[in-house]
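A quick write-up on the structure given underneath.
What follows draws every value from the coordinates through simple rules; no lab data is involved. All of these numbers come straight from a predicted model, not from anything done at the bench. Here Cβ is always computed from backbone atoms with ideal geometry, including for glycine, and neighbour counts include all displayed protein chains.
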Amino acid sequence: MINGLANHLLDNQHFASLTLSMIGIESAYLDPSIHEKCKEIYISWQQLYVDQFLKFGYEKEEAVERAQSIFGIIHGALISSWIKQSNEDLLLVKNTLKYLMK
């Protein structure tokens, strides 16, 4: 997954999640209804990660904790890589993700 995102970034392709992130950040102070919609979308994306951990047999609390950690790491690295126009930060998180997926 990380390699795919890293390659996608190098191809200068559009990331809907980054667009949503920027809109969500800006709208927090400007438009509560847009901010609320962005928040709902983020929560649904995070729930997809939780659902996968639950399918693999993790207890709810641990599934939520791991899912949030992975979501934050991937999304943070994606934003950082996008700003730098380099996939290096994305590629660096691969090893960290392996520990969270065990």
Distance between region 83-102 and region 35-81 - C-alpha centres, whole angstrom: 15
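Which loop-located chymotrypsin sites (Phe, Trp or Tyr not before Pro) does region 43-102 contain, where loop means any DSSP state but H, G, I, E or B and the Cβ has at most 16 other Cβ atoms within 10 Å?
Details: sites: Trp45, Tyr49, Phe53, Phe56, Tyr58, Phe71, Trp82, Tyr99; in loops: Phe56, Tyr58.
Sites meeting the loop and neighbour criteria: Phe56, Tyr58.
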